[in-house]
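Presented below is the structure to which this report refers.
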Amino acid sequence: MASSSGGVSGQSRWQAPRLTRPVDAELAVPGSKSLTNRYLVLAAIADGPCVLRRPLHSRDSALMISALRSLGAVIDEIQGDGDFGPDLRVTPLQGDQDTAAVRAVNCGLAGTVMRFVPPLAGLVSGTTTFDGDPHARRRPMGGIIDALRGLGITVDDGGSGCLPFSIEGKGHVRGGRLVIDASASSQFVSALLLVGTRFSEGLHLEHVGKPVPSLDHVRMTVETLRSLGVVVDDSVPNHWRVSPGSVPAFDVAVEPDLSNAGPFLAAAVVTGGTVRVRNWPEGTTQVGDQWRRILPLMGATASLDGDTLTVTGGASISGGTFPDTSELAPTVAALCALATTPSTLTGIAHLRGHETDRLAALAAEINGLGGDVEETADGLVIRPAPLHGGVFHTYEDHRMATAGAIIGLSVDGVEVENIGTTAKTMPEFPELWASLTDTAGSAGLADTGARA
Ligand SMILES: O=C(O)C1=C[C@@H](OP(=O)(O)O)[C@@H](O)[C@H](O)C1
Ligand SMILES: C=C(OP(=O)(O)O)C(=O)O
């Protein structure tokens with residue numbers, strides 16, 4: 001298990017395994033980042049101790065655990081049956097924190113920590129400071145800072161609208177009606193909904209502005225709350241009403257991270273092979289379930305038999321139009337860079353505020369390997385072009401690193417900078433990728449003749 005909450009690792013280069021034969025592999029992937037960090041926040045405000053089974057253990061979950069501990073939650077590792085680390089028992093925040101102490105939260109580069117924890121800190125008496133990695137200071141935070149002020153919580157951000165900032169919690173929040181602009185990140189909405197039931201008047205949140213991106217993640221928040229008995233009304237677009245109440249103690253199994261299954265499924269598409277992912281949920285709110293729809297558009301087949309998703313690549317990769325791919329976009333873009341026909345990715349302007357400006361990064365790195373990628377106002381146009389080897393820079397972005405690995409499967413000599421950045425949500429990536437690529441016999445960098 002990797003649970004480092006420290007800084008990012010060094011900028012070493014990793015030779016992406018190059019394959020000339022189809023993969024044939026079966027694997028399980030670690031728990032969902034989005035579900036793990038939602039359940040952790042909800043457990044911290046629950047009525048009694050909660051258990052998370054098969055949670056994610058990664059930098060983002062470790063940062064969330066540290067943040068919740070600093071606010072007063074007790075989080076213990078307990079024995080479980082997962083392949084990727086222990087289960088977690090969470091004893092919620094008590095009302096008796098030391099209000100004189102200043103608590104410091106390191107958000108790293110985790111959107112879920114920098115957006116989900118501040119509203120929770122507003123419910124705790126005393127000062128909490130928030131900061132993160134250098135790039136975290138450039139990620140959008142305005143919706144959260146404005147919301148906290150709208151809720152009567154004092155925030156000192158030095159006028160920046162970004163990290164770092166400090167919050168003076170009063171130990172209670174009245175709540176009620178609140179209007180925000182969540183066009184930069186769905187996480188602004190999720191953050192407020194997650195704790196809204198603990199506001200004495202609940203929460204009536206309204207979004208005004210350009211559309212909320214990554215709406216699947218808001219639906220995940222709403223369904224997660226409902227599954228625990230919290231009453232949420234989302235029947236009117238851009239309005240969410242959370243009834244005042246409490247979160248009953250819970251014991252949940254965390255689904256595998258279906259977004260992080262993407263690069264492995266992509267390996268089947270790139271090599272014309274087959275990849276089976278175990279423990280695929282029958283019903284889920286994860287955006288990664290979209291792989292079952294997206295990969296067939298690229299010429300693959302995808303079938304869910306019991307709890308195993310099987311993807312088999314076709315004779316070549318077809319490009320297409322891919323709207324609103326959210327956090328799947330870097331994986332989709334990597335596949336499009338290897339496709340035989342052009343592709344357009346739309347509805348992802350907000351990716352400029354992710355771990356890095358993902359539109360600029362994908363265009364620069366794919367073009368650096370000879371690709372033909374153009375940035376548009378809200379996405380990318382990717383045209384077929386013969387790719388060559390080179391360094392694929394990753395900008396501390398786990399999904400850039402996995403995008404480089406996907407391209408490296410069929411392009412000689414791709415070196416991915418800082419593969420360790422995958423520890424943000426999947427520290428096991430290099431080892432799982434090695435086991436996957438071994439199934440086809442890694443052909444080495446000098447080999448030629450891959451299908452794609
Ligand atoms: O709530 C969540 O767990 C997430 C919401 C999305 O954020 P944005 O709305 O900022 O894209 C997504 O991209 C991120 O990876 C996880
Ligand atoms: C955008 C992402 O992460 P974060 O939760 O840090 O926003 C992501 O994982 O693709």
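Taken together, the values in this text are just the output of simple stated rules run on the coordinates, not laboratory data. This one's a predicted model, so the numbers in the text were calculated from it and none came from an experiment. Note that we place each Cβ from the backbone using ideal geometry, even for glycine, and neighbour counts take in every protein chain shown.
Computed quantities for the displayed model
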item: Cα-based shape type of region 33-243, given that a ≥ b ≥ c are square roots of the gyration tensor eigenvalues and the cut on a/c is 1.5; result: rounded
item: Proximal charge balance of Asp251 [Cβ under 11 Å; K/R count +1, D/E count -1]; result: +1
item: Angle between the chain longest axis and helix 398-408 axis [Cα atoms, degrees, rounded to 10]; result: 10
item: Lys, Arg +1 and Asp, Glu -1 on Cβ, resulting dipole of the chain about Cα centre, debye, nearest 20; result: 480
item: For the chain, calculated [θ]222 nm from helices alone, where every DSSP H run of n ≥ 4 adds -39500 (n - 2.57); result: -9000 deg cm²/dmol
item: From phi via Karplus (6.51, -1.76, 1.60), per-residue ³J(HN,Hα) for region 40-48 in Hz, x at Gly/Pro; result: 4, 4, 5, 5, 5, 10, 6, 6, x
item: Neighbour cut-off at most 14 other Cβ (10 Å), DSSP loop, GluC sites (Glu not before Pro), region 153-245; result: Glu201
item: Region 33-243, dipole about Cα centre (Lys/Arg Cβ +1, Asp/Glu Cβ -1), debye to the nearest 20; result: 280
item: The chain pair-distance distribution - Cα-Cα, 10 Å bins, rounded %; result: 5, 22, 32, 25, 13, 4, 0
item: Relative contact order of the chain, pairs being alpha-carbon contacts under 8 Å that are 6 or more residues apart, as %; result: 20
item: Mean Cβ neighbour count within 10 Å, used as a protection proxy, ranking 254-262, 22-30 highest first; result: 254-262, 22-30
item: Those lysines that a straight Cα-Cα span of less than 27 Å connects to Lys424, excepting residues fewer than 8 apart in one chain; result: Lys33
item: Listed residue (Pro342, Thr301, Ser326) projecting farthest to the positive dipole end of region 289-356, Cβ model; result: Pro342
item: Amide proton proximity set for Thr376, modelled H, under 5 Å, gap of 5+; result: Val381
